[in-house]
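The values are calculated or read from the model by the stated rules, or taken from the named source; none is laboratory data. Just so it is clear, the structure is predicted and the values come from calculations on it, not from any experiment. Cβ coordinates were reconstructed from backbone atoms using ideal geometry, including for glycine residues, and neighbour counts include every protein chain displayed.
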Amino acid sequence: MRYLTPFLFAPVLASAAPTMADFYQREEIPLPPGEVMEGSSIAIIDKDKVALGTRRGDVWICHGAFGDVDKVKWTRFATGLHEPLGMAYRDGWFHFTQRPDVSKMRDTDGDGRADEFRTIAAPWGIKGDYHEYAFGTDPDKDGNIWVVLCLTGSFNAHSPWRGWCYRITPDGQSIPTCSGIRSPGGIGFNLEGDTFYCDNQGVWNGSSSLKHLKPGGFVGNPSGNIFYDQAPNMGKRPTEPKSGSRIEIERKRIPELVPPAVWLPHGDLGQSPTGVIPDHTKGLFGPFAGQVLVGEQTHSQVQRVFLEKINGVYQGVAFPFLEGFRSGIVPLRLADDGSLFVGTTNRGWGARGGLPFSFERTRWTGKTPFEILEMRIKPDGFELTFTEEIDPKTAGDKASYSMNSWTYIYQSSYGSPKVDQTKQEIVSVTVGADKKSVRLKVKNLQAGHAHHLQSKGLRSKSGRELWHQDAYYTINEFPAQ
């Protein structure tokens, strides 16, 4: 049976609230009957085949993945892997990250089954704890695979190198690269090739966030810092953070501390972020080329992130984007033709959608949503650009916008409420000469805060309202005047 997003071809009237079905077609790909296929990793093989790794250790090949979903065929390529949470296909080899190591496999006799397996590197430890996940990337431009290691129980470093990021070189060298990780849900690159991962709310993480893995950096949780004496390339062990403080304050005490690039406010924008991928399709997946897509497990969503680097530090804005998937997204993969594949599971935390697992494909319909395309910080506020021309009257009206901000307690206990809440004043609005941008002059911006912009009154030139009216910008640095 074929599953389409309801009302896919319904016309959008200017007065009707826009929906995902107007802009993106989501299809559920039928799975082999009786098989448990909780998605853990995805690899694009060619223009016909896509590989799906599962949490139970199988790798399946979906033949016809880009065509009619009713006609796909599945073959099992491998079994017995240990929760592969990261997989890529290169030159006949599957490279994959599993709990104990980074390995690769291939089919040498052409029968469609893996028959050669090689371990590339296994520098970390495992002890059977449920939370000791290992998430890995594709090879980067130098061929290195980046791996982030969840803490034991997501609280402690009871196995070697828990709470660390490693780079694994093509010849098997293992390079400790960053410390401070708690409970990752996925890892990947932006279009520039820098590495990011999603960490989940918990100890020393007031809310979930997208974090930049800067080599030599410390990203916030000190539990794994006990291994610094085994990582001479990393330099001295960072100063211990003070529980009950704020990240903005601790950055002044701890030079190695890299703040979250973007807060993903818990409950407002999902609550279990996962995979990280760039939109490299140059417009084949809609107007957001070059931005980052982030999976969400509990709310079964995909969020959209625009990043910028200010004073050498990443920060940016997160937007709600796609939703309605049948279970919680862990891996996501965007093919060259603009097909977004997601693998899902509800095991462990539960998820929206009604299914225990699924494999789904989403494509842009060709209709452009009216959205905030980019949100850039300026010395006195923000510049917004839009996907189409705006109505000068509503866009230039201060009443069309509102903003408030907050941060989180940086502490050793679990999570944090929103604290230090402030309200920002929209002092003035200037519509750009291109009629596709506005400058907001904003009073009372706060370093270290997530700034929630609502644009409820704004309309496009054609009278459309924004598909998503909420944006969450994290300020780490201010640009020079």
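For region 376-433, what are the residues that are of a type in the set (A, V, I, L, M, F, W, C) and under 30 Å from ASP199 (Cβ atoms)?
Scanning region 376-433 gives ILE377, PHE382, LEU384, MET403, TRP406, ILE409, VAL419.
Can you confirm whether region 208-216 contains a residue that is under 30 Å from PRO160 (Cβ atoms), of a type in the set (Lys, Arg) and touching a residue at least 24 places away in the same chain (Cβ under 8 Å)?
Yes, region 208-216 contains a residue that is under 30 Å from PRO160 (Cβ atoms), of a type in the set (Lys, Arg) and touching a residue at least 24 places away in the same chain (Cβ under 8 Å).
Answer with yes or no whether SER208 is assigned by TED's automatic domain parsing to the domain that holds GLY295, hydroxyl-bearing (Ser, Thr, Tyr) and farther than 25 Å from HIS280 by Cβ.
Considered against the rule, which asks whether it is assigned by TED's automatic domain parsing to the domain that holds GLY295, hydroxyl-bearing (Ser, Thr, Tyr) and farther than 25 Å from HIS280 by Cβ, SER208 comes out as no.
Being among the hydrophobic types (A, V, I, L, M, F, W, C) and without any contact (Cβ under 8 Å) to a residue 40 or more places away in the chain is true for just one of ALA399, ALA433, ALA450. Which residue is that?
Only one candidate passes the filter, namely ALA433.
Out of all the residues in region 396-442, which are within 30 Å of VAL219 (Cβ to Cβ) and of a type in the set (Gly, Ala, Ser)?
Across region 396-442, the qualifying residues are SER405, SER412, SER413, GLY415, SER416.
If you check ARG251, ARG304, which single one turns out to be surrounded by 16 or more Cβ atoms within 10 Å (Cβ to Cβ) and in a helix (DSSP H, G or I)?
Within the list ARG251, ARG304, the selection yields ARG251.
Need the failing condition index for CYS178 against (1) among the hydrophobic types (A, V, I, L, M, F, W, C); (2) without any contact (Cβ under 8 Å) to a residue 40 or more places away in the chain; (3) in contact with a helix residue (DSSP H, G or I) (Cβ under 9 Å, 6 or more places away or on another chain), just the number.
Status for CYS178: all satisfied but (2).
So the check is Cβ under 8 Å with 6+ separation or different chains; which pairs have a first residue in region 371-384 that's of a type in the set (Phe, Trp, Tyr) and a second one that's modelled with pLDDT of 95 or more?
Filtered contacts from region 371-384: PHE382/MET375; PHE382/ARG376; PHE382/ARG439; PHE382/LEU440; PHE382/VAL442; PHE382/LEU453; PHE382/TYR473.
Among (1) acidic (Asp, Glu); (2) touching a residue at least 12 places away in the same chain (Cβ under 8 Å); (3) over 30 Å from TYR24 (Cα atoms), which single condition is ASP229 missing?
Among (1) acidic (Asp, Glu); (2) touching a residue at least 12 places away in the same chain (Cβ under 8 Å); (3) over 30 Å from TYR24 (Cα atoms), ASP229 violates only (2).
Residues GLY180, GLY216: which one is among the small types (Gly, Ala, Ser), surrounded by 24 or more Cβ atoms within 10 Å (Cβ to Cβ) and on the phi > 0 side of the Ramachandran plot?
Going through GLY180, GLY216 in turn, just one is among the small types (Gly, Ala, Ser), surrounded by 24 or more Cβ atoms within 10 Å (Cβ to Cβ) and on the phi > 0 side of the Ramachandran plot: GLY180.
Of a type in the set (A, V, I, L, M, F, W, C), assigned by TED's automatic domain parsing to the domain that holds TYR197 and part of a strand (DSSP E or B): is that true of PHE66 in this structure?
Considered against the rule, which asks whether it is of a type in the set (A, V, I, L, M, F, W, C), assigned by TED's automatic domain parsing to the domain that holds TYR197 and part of a strand (DSSP E or B), PHE66 comes out as no.
Looking at region 236-249, I want the residues that are closer than 16 Å to GLY216 by Cα and have a partner that is among the aliphatic types (A, V, I, L, M) with Cβ atoms under 8 Å, at least 6 apart or on another chain. Which pairs are those?
From region 236-249, the pairs are PRO238/ILE254; PRO238/LEU257; THR239/ILE254.
What strands (runs of 3 or more DSSP E) lie completely within region 1-61 and have 3 or more residues being within 22 Å of ARG99 (Cβ to Cβ) and at pLDDT 95 or above?
Strands (runs of 3 or more DSSP E) meeting the threshold: 39-44, 49-54.
So VAL419 clears everything in (1) outside any strand (DSSP E or B); (2) loosely packed, with under 15 Cβ neighbours inside 10 Å except one condition, right? Which one?
(1)
Wholly within region 97-177, which strands (runs of 3 or more DSSP E) include no fewer than the required count, namely at least 1 residues that are of a type outside the set (A, V, I, L, M, F, W, C) and crowded, with 23+ Cβ neighbours inside 10 Å?
Hits in region 97-177: 134-136, 164-168.
Looking at (1) in contact with a helix residue (DSSP H, G or I) (Cβ under 7 Å, 6 or more places away or on another chain); (2) under 17 Å from GLY381 (Cβ atoms), which one does ASN476 not meet, given that it meets all the others?
Every condition holds for ASN476 apart from (1).
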